[in-house]
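What follows draws every value from the coordinates through simple rules; no lab data is involved. All of these numbers come straight from a predicted model, not from anything done at the bench. In this analysis, Cβ positions are derived from the backbone assuming ideal geometry, glycine residues included, and neighbour counts consider all displayed protein chains.
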Amino acid sequence: MADPNVDLWATDEVHFQQHGSRCQMWIPPETKDPILLHHPTRRGVGYFGAVRLRDGKFFFHRETDKFNGATFFVFLKALYRTSTTGPRRVVVITDNARYHHARLHRNWREEHADRFVLDYLPPYSPDLNPIERVCKLTRRKCLHNRYFPVLSEVVNSVEAQFTQWVRGNITLRRLCAIT
């Protein structure tokens, strides 16, 4: 982080569900608690996301399929094009998901290791990844205590927030600060 020749990025993947989150309400003690059912679907949308720790610049990619080596490779190449525009070397903090080490993109990673490298967190340590806080903030700002009758409304809500963060953001910079 102290090296001015290195750009540090944190990346992760996240799912947002259509049914939203639970809410709390006050019920008089003499009244039986009502049962609130969630929307009967379990549809969701997934995103790969990355945040540059220096200035809070956010990069995201919606995943329509499932998270695997091939979809991560597509995201990795897009992140490479976005993050290596300047003179700095890029180090990407990521978790130890199996597809982050896939043989499918090993040669590509080795080929670009002089400018773009993945740095893996220890197993079972998601709290060390700064972008986890961004996912939590997104859920709170976009999904909590809201009902989404269709999945496209979830996508619109989340991507509207992500688009605000694309250019860089003081909130994300402070949220993801590791110094």
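Worth a mention:
- Beta bridges by DSSP in the chain, antiparallel share as percent, to the nearest 5: 60 percent
- Distance between the modelled labels on Y147 and K66, one decimal in nanometres: 3.2 nm (7 Å Cα→Cβ projection).
- Taking each residue as 0.36 nm, the span from T82 to N156 lengthens on full extension beyond its C-alpha to C-alpha distance by 24.4 nm.
- Listed residue (L128, I170, V150) projecting farthest to the positive dipole end of the stretch 56-179, Cβ model: I170
- Intensity falloff of the stretch 88-144 expressed as log10 I(q)/I(0), Debye formula with alpha-carbon point scatterers, at q = 0.22 Å⁻¹: -0.92
- C-alpha long axis of helix 69-83 to longest principal axis of the chain, angle in °: 70 degrees
- Counted charge near G69, where neighbours are those whose Cβ lies closer than 9 Å (Asp, Glu -1; Lys, Arg +1): +2
- In nm, spacing of pseudo-spin labels at N107 and V74 (7 Å Cα→C-beta vector): 2.1 nm
- With neighbours defined as other Cβ atoms within 10 Å of a residue's Cβ, the residues K32, K57 order from fewest to most as K32, K57.
- Summed residue charge, Cβ within 12 Å of R109's Cβ, Lys/Arg positive, Asp/Glu negative: 0
- Calculated from the alpha-carbon coordinates, the chain shows an Rg and a Dmax of 18.6, 68 Å respectively.
- Entry note, the chain: relative contact order of 32 percent, from Cα contacts under 8 Å with a spacing of 6+ residues.
- Environment charge at F58 (Cβ cut-off 9 Å; Lys +1, Arg +1, Asp -1, Glu -1): +3
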